[in-house]
Amino acid sequence: MLVSYSMSVTTSRRVVRPAHALQEEYWSVRTKSAMWIVVTMSSRLLTEVSLQTEEIELVEAADDQVDFVEGGKLILRCNKLERTTKIWWSCNGNDMVNGEDNVRIRIKQDYTELEMNPAKLSDKGTCTCHAQGQGGEDSADIQVGGEQNEVTITPKVTELTCKQGDASRCRIEFDVTTTIGNPGARDVKFWTLKDGQLAEVSSSSKDGNTFYRSFGKWKNPSRSGQYVVVVTVKGKTYQSEPVNLTVLPKD
């Protein structure tokens, strides 16, 4: 026995006709993309299949590719094309939850946004906005790329010699630049090194991108040693190479 299936699609109405001997029978099946598939089974036992599809587009990505710098703000947007009943986001296969970790989700009348602040290198990959509505589902992918925040700490000099009782300036200086962020004096601390370990901390002063420590009346041989700065940017810390300070005793 041969079986004949004739398939067509309509989005307007459901058609179901009664079965009769030597007549054609019709079944309609609704798919996930809101389509009615009408299946015709003929007692004449011929094979004929035709399928017409109509996709529903509910959302589209504002940008297919978005890049960020570590520690900065990452915002992904999808625009709504049709009325939706449900919107949600996933990244690298994991559903995003508003308020969890660095995630914020906004759903407006015409668009939805996923914000990650501060963005982390682990946020790289593929993020997807999902939508339900009009009896179907749709989704849009956004490729997310990220770069490490570059923090450069450069000493003005690596060897500094001062003399106790001398009126000339004795100051250790570092230039600090970052890809993002603008560290202040509170974010940059001077440390002495003892046996290669951070030992004693002191505050810094700022002049443009230069951070410094002046010794002034504390200019005495006991202050000789190695000094570094530790810079905190967007929650991460970066340590400089050491500067060797030598304070000679007064005559």
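The values are calculated or read from the model by the stated rules, or taken from the named source; none is laboratory data. Every value quoted in this text rests on a predicted model; they were computed, and no experiment measured them. Every residue, glycine among them, receives a Cβ derived from its backbone with ideal geometry; neighbour counts consider all protein chains shown. These area figures cover heavy atoms from the full protein model, side chains too; ligands, DNA and RNA do not enter into them. Shrake-Rupley method; radii C 1.70, N 1.55, O 1.52, S 1.80 Å.
General observations
- Karplus (6.51, -1.76, 1.60) ³J(HN,Hα), θ = phi - 60°, over the stretch 87-104, in Hz, Gly and Pro reported as x: 10, 8, 10, 9, 9, 6, x, 10, 5, 8, 10, 4, x, 8, 6, 9, 9, 10
- Debye-sum result for the stretch 52-127 in log10 I(q)/I(0), which assumes one identical scatterer on each alpha carbon, at q = 0.14, 0.23, 0.28 Å⁻¹: -0.47, -1.13, -1.49
- Across the stretch 56-73, computed HN-Hα scalar couplings (Karplus, 6.51 cos²θ - 1.76 cosθ + 1.60, θ = phi - 60°) run 9, 9, 9, 9, 9, 6, 5, 9, 6, 9, 10, 10, 9, 10, 3, x, x, 9 Hz from first to last residue, x flagging Gly and Pro.
- Environment charge at Val157 (Cβ cut-off 15 Å; Lys +1, Arg +1, Asp -1, Glu -1): 0
- Between the amide H of Glu60 and those of Asn79, Leu81, distances stay under 5 Å, these residues lying 5 or more places away or on another chain, with hydrogens modeled in the peptide plane.
- Kirkwood hydrodynamic radius of the stretch 95-137, Cα pairs, Å: 12.0
- Amide H contacts of Tyr111: Lys80, each under 5 Å away and 5 or more positions distant or on a separate chain (H built 1.01 Å from N in the peptide plane; Pro and chain starts excluded).
- Per residue, the average separation of C-alpha pairs within less than 8 Å and at least 6 apart gives the stretch 192-251 a relative contact order of 29 percent.
- Inter-site label distance for Thr161 and Thr126 at 7 Å from Cα along Cβ, in nm: 6.4
- Projected-area average for the stretch 159-251 over all orientations - Cα convex hull basis, square nanometres: 6.3
- Cα extents of the stretch 57-198 along the three principal axes, largest first (Å): 84, 27, 22
- Whole-number accessible area per residue in Å² for the stretch 162-251, which is evaluated in the context of all protein chains at 1.4 Å: 58
- Summing charges over all other residues whose Cβ lies under 11 Å from the Cβ of Leu58, with Lys and Arg as +1 and Asp and Glu as -1, gives -3.
- Between Asp207 and Asn102, the distance separating the two model label sites (each 7 Å from Cα on the Cα→Cβ line) works out to 3.5 nm.
- Estimated at 0.36 nm per residue, the fully extended path between Gln143 and Asp175 surpasses their Cα-Cα distance by 8.0 nm.
- Ordered by solvent-accessible area of protein heavy atoms (1.4 Å probe), largest first, the residues Met96, Met116 come out as Met96, Met116.
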